[in-house]
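Every read-out reported here was derived from the displayed coordinates using simple, explicitly stated rules and does not represent laboratory data. Predicted, not measured: the structure shown is a model, and the values here were computed from it. Using ideal geometry, Cβ is built from the backbone for each residue, glycine included, and neighbour counts are taken over all protein chains shown.
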Amino acid sequence: MITCPWCGTNYAAFQPNCKNCGGQLPLPDQPKPVHPELEIEMPPPPPRSIADSYGWKLMRTDGWVVASIVFVLLGGIFGVTGIVLTIGIVTAFVGIPFALLGMLFFGGGAAIIYWRYQEAQKTLKVLRQGEATRGQIISLEQNYNVAINGRHPWVILYQFEAGGRKLGGKITTLNTPFNLQRGQPACVLYLPGAPTYNTLYPHP
């Protein structure tokens, strides 16, 4: 609805002049482009107080760690079974392969757990000492090819700029990222001397 500022006549569609008084009509309001800048939570300056226990929390929600624990348990079961069977000389030909398979499962699972522990420690360092910058969520999807305790992990891809370079990061978590959406801005923390070490803040 357009109203003539001179005589108050209303018009449903725009026209240059009022038919009643001849006065010039104002241009209709143009729709403003919608570019909502979502507010993102910025962390306090470093160093930040992040408890060591948070590293264990990261590991508990890490799909790699959960799967590795299963391998370690299987390795223990196969290993003990193999040792028991090997003690009996008659069943040694069955026990030795069981023991070797158990060692393989146990060693592989333990190695992955150690690797993810090191990654959790790097994430802790970034959360404590990282520099904050504005980034963007590129992709947010569930990996339905993997199921851990009936849950599918989320894979979050994001990008940011640091030192004039465009960099990216990836987080895999079993937690549902309710507060994240594809294309929205996000806070990214990175180590100034090694920006490839980075993570989202707050960490999903």
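Listing for the model above:
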item: Relative pair counts by distance (%), Cα atoms of region 71-204, 5 Å bins; result: 2, 10, 14, 14, 14, 11, 8, 7, 6, 5, 4, 3, 1, 0
item: Cα-derived Rg over Rh, computed across region 131-204 with Rh taken as Kirkwood radius; result: 1.01
item: Cβ-defined net charge surrounding L189, 13 Å radius [Lys, Arg +1; Asp, Glu -1]; result: +3
item: Neighbourhood charge, 14 Å Cβ-Cβ cut-off, centred on L127 and excluding it, Lys, Arg +1 and Asp, Glu -1; result: +1
item: Stokes-Einstein diffusion coefficient of region 53-139, Kirkwood radius over Cα pairs, 10 °C, 1.306 mPa s, in µm²/s; result: 105 µm²/s
item: Likely footprinting exposure, I171, I148, I87, fewest C-beta neighbours within 10 Å first; result: I87, I148, I171
